[in-house]
Amino acid sequence: MLLVIDMGNTNTVLGVYAGEKLLHHWRVWTDQEKTSDEYGVLLRNLYDQSHFSSREVKAIIVASVVPPLTPTIVELCERYFGLTPMVVGPGIKTGISIKMDNPKEVGADRIVNAVAAYAKHRRACIIVDFGTATTFDYVSAKGDYMGGVIAPGVNISAEALFRQASKLPRIEIAKPPSVVGKNTVSAMQSGIFYGYVALVDGIIQRIRKEVRHDPTVIATGGLARAIASESSEIHGIDENLTLEGLRIIYERNLSQDPVRLPGTEHT
């Protein structure tokens with residue numbers, strides 16, 4: 001089995017693959033204060049509930065956009081699985097060319113998403129990832145990563161509104177019953193929800209106009225399903241796009257055999 005780990009600023013998503021089949025996946029809170037042992041206990045509990053054993057894991061690949069936590073996750077893999085993980089970064093074969101001023105600036109998750117989207121669709125794509133930030137990434141018809149857009153995430157905007165306006169409450173991100181709100185909460189929900197729908201559709205339209213192409217648009221991330229349901233520009237939702245990209249990148253680097261450490265514990 002292959003364990004894939006996508007460590008984001010807000011959530012960490014883990015998945016277990018047997019070949020090309022995703023057997024199970026989990027989403028947990030990313031906590032920079034946790035030690036490798038604390039993450040190990042958390043992972044053990046997840047495995048126990050899903051009837052998996054760490055002994056079945058033969059390789060691990062990690063994508064992280066939280067540099068301080070990357071060594072913690074590497075230590076976790078070595079201590080609890082006896083494996084040195086493959087970490088997405090310089091020296092890893094992705095199969096795509098990054099057409100950026102400085103390719104090292106691009107987040108690992110965005111590259112992984114681009115790899116998966118192009119591998120699945122084999123045509124120009126826009127990937128909209130609803131994470132801590134809302135990102136838009138454009139992949140050309142040749143499979144090159146051309147660049148993208150970064151906007152504040154939905155939850156960041158809602159939290160900023162709550163913190164900066166003393167009379168406004170903290171709200172749940174949800175589709176309101178109407179665009180014109182009849183109370184403060186529904187008015188805020190309308191502004192956040194429909195505001196982001198308009199932001200997403202507007203940016204996608206501008207990307208299409210700029211690249212003079214009609215790419216397939218795929219949404220992913222925690223709020224993808226909610227926002228995409230009202231978007232006129234998003235063609236499909238792939239909630240496990242990043243996990244799939246990690247699996248593909250691992251397979252493209254199979255010549256780099258996983259390092260099994262002797263004398264290590266297993267959960």
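Any residue that is among the hydroxyl-bearing types (S, T, Y) and touching a helix residue (DSSP H, G or I) at 6+ places or on another chain (Cβ under 6 Å) - is there at least one of those in the stretch 116-129? Taking every residue of the stretch 116-129 in turn, none turns out to be among the hydroxyl-bearing types (S, T, Y) and touching a helix residue (DSSP H, G or I) at 6+ places or on another chain (Cβ under 6 Å).
Could we say that A141 is over 30 Å from G89 (Cα atoms) and either part of a loop (DSSP other than H, G, I, E, B) or among the β-branched types (V, I, T) (or both) here? Against the criterion (over 30 Å from G89 (Cα atoms) and either part of a loop (DSSP other than H, G, I, E, B) or among the β-branched types (V, I, T) (or both)), A141 does not qualify.
Comparison of E159, E172 shows that the only residue that is surrounded by 14 or more Cβ atoms within 10 Å (Cβ to Cβ), more than 30 Å from S97 (Cβ to Cβ) and charged (D, E, K, R) is E159.
Criterion first (at pLDDT 95 or above, under 25 Å from A160 (Cβ atoms), assigned by TED's automatic domain parsing to the domain that holds G153 and of a type in the set (A, V, I, L, M)) does L223 satisfy it? No; evaluated as a whole, the condition is false for this residue. Within the stretch 172-204, being assigned to a helix (DSSP H, G or I), over 25 Å from T10 (Cα atoms) and touching a Ser or Thr at 6+ places or on another chain (Cβ under 9 Å) holds for one residue alone: S186. Going through T30, T12, T72, T84 one at a time, which residue ends up being among the polar types (S, T, N, Q) and touching a residue at least 40 places away in the same chain (Cβ under 8 Å)? Only one candidate passes the filter, namely T84.
Can you tell me which residue is nearest to A174 (Cα to Cα) among those in the stretch 224-241 that are among the hydrophobic types (A, V, I, L, M, F, W, C) and part of a helix (DSSP H, G or I)? Don't jump to the end; show me each part of the working.
First, the residues of the stretch 224-241 that are among the hydrophobic types (A, V, I, L, M, F, W, C): 224, 226-228, 234, 237, 241.
With the extra rule that they be part of a helix (DSSP H, G or I), the set shrinks to 224, 226-228, 241.
On the way: A224: 12, A226: 7, I227: 9, A228: 12, L241: 23 Å.
So, considering only residues that are among the hydrophobic types (A, V, I, L, M, F, W, C) and part of a helix (DSSP H, G or I), the one nearest to A174 (Cα to Cα) is A226.
I need every pair where a residue in the stretch 105-127 that is acidic (D, E) has its Cβ under 9 Å from the Cβ of a residue that is assigned to a helix (DSSP H, G or I), sequence separation at least 6 or different chains. Close Cβ pairs (under 9 Å, with a partner that is assigned to a helix (DSSP H, G or I)) amount to D109/T242; D109/G245.
Of everything in the stretch 17-53, what is closer than 19 Å to D109 by Cβ and not basic (K, R)? Give them in sequence order.
Step one: filter the stretch 17-53 for residues closer than 19 Å to D109 by Cβ, giving 17, 22, 25-32, 39.
If the condition is that a residue be closer than 19 Å to D109 by Cβ and not basic (K, R), then Y17, L22, H25, W26, V28, W29, T30, D31, Q32, Y39 are the ones that fit.
Looking across the stretch 187-242, the residues that are in contact (Cβ under 8 Å) with a residue 60 or more places away in the chain and among the β-branched types (V, I, T) come down to V200, I203, I204, I207, V211, T216, V217, I218, T220, I227, I234, T242.
Residue count for the stretch 234-265, restricted to those that are at pLDDT below 65 and surrounded by 15 or more Cβ atoms within 10 Å (Cβ to Cβ): 1. Return yes or no: is S50 touching a residue at least 24 places away in the same chain (Cβ under 8 Å), polar (S, T, N, Q) and crowded, with 21+ Cβ neighbours inside 10 Å? So S50 fails the test.
Could you check the stretch 35-59 and list, in sequence order, the residues that are basic (K, R) and in a helix (DSSP H, G or I)? Spell out how you get there, then give the answer.
Initially, the stretch 35-59 is screened for residues basic (K, R), giving 44, 55, 58.
R44, R55 - these are the residues of the stretch 35-59 that are basic (K, R) and in a helix (DSSP H, G or I).
Okay, residues lined up against (1) buried (at least 20 other Cβ atoms within 10 Å of the Cβ); (2) not in a helix (DSSP H, G or I):
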site: I61; (1), (2): yes, yes
site: E75; (1), (2): no, no
site: E78; (1), (2): no, no
site: G89; (1), (2): no, yes
site: G95; (1), (2): no, yes
site: D101; (1), (2): no, yes
site: D109; (1), (2): yes, no
site: A116; (1), (2): yes, no
site: I126; (1), (2): yes, yes
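The values are calculated or read from the model by the stated rules, or taken from the named source; none is laboratory data. The structure presented is a predicted model; accordingly, all values stated were derived computationally and were not measured. For neighbour counting, all protein chains shown are included, and Cβ atoms are generated from backbone atoms with ideal geometry for every residue, glycine included.
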